[in-house]
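A short reminder: the numbers here are calculations on the coordinates, not readings from a lab. Predicted, not measured: the structure shown is a model, and the values here were computed from it. Please note: Cβ atoms are built from the backbone with ideal geometry, for glycine as well, and neighbour counts cover all protein chains shown.
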Amino acid sequence: MWDYCGIILPQKGADIVPHIIPIKDLKNTGEISNLCHETNEPIYITKNGYGDMVIMSIQIFEERMFMQDVYSKIEESESDVTTGRTKNAKESLKRIREKYNV
């Protein structure tokens, strides 16, 4: 482990350990921003020793939201297959081709 502005980070190749910092360290905004972008992991903020907030880069947040949407759609699709809400692919493609003259 090594110390990054008072924040303990795991060594490269070590198991992922969550980054946890006290709320008073939020005054080091530039350093925390760098940490968010370097680690691509959320940073957990504690207040009085208890979890209070999570900070992460916008890129990682958007990627996680996108993947959450993908997983939700996959789950919905699997449910459709399980309950028989499917259509014949050949017939569906034939109707699309006729509708759009392709």
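Below, the figures for the structure above:
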read-out: Top positive-direction residue, dipole computed over the stretch 59-100 with Cβ charges, set Met67, Ala89, Ser79; value: Ala89
read-out: Unit charges on C-beta of K, R, D, E only; dipole of the stretch 59-100, Debye; value: 480
read-out: The stretch 17-102: relative contact order in percent, alpha carbon pairs under 8 Å with at least 6 residues between; value: 20
read-out: Anisotropy class of the stretch 59-100 from Cα gyration tensor, a/c 1.5 cut; value: oblate
read-out: Fewest-first ranking of His37, His19, using other Cβ atoms within 10 Å as the exposure measure; value: His37, His19
read-out: Charge tally in the Cβ shell below 15 Å around Met53, where Lys, Arg are +1 and Asp, Glu are -1, Met53 excluded; value: 0
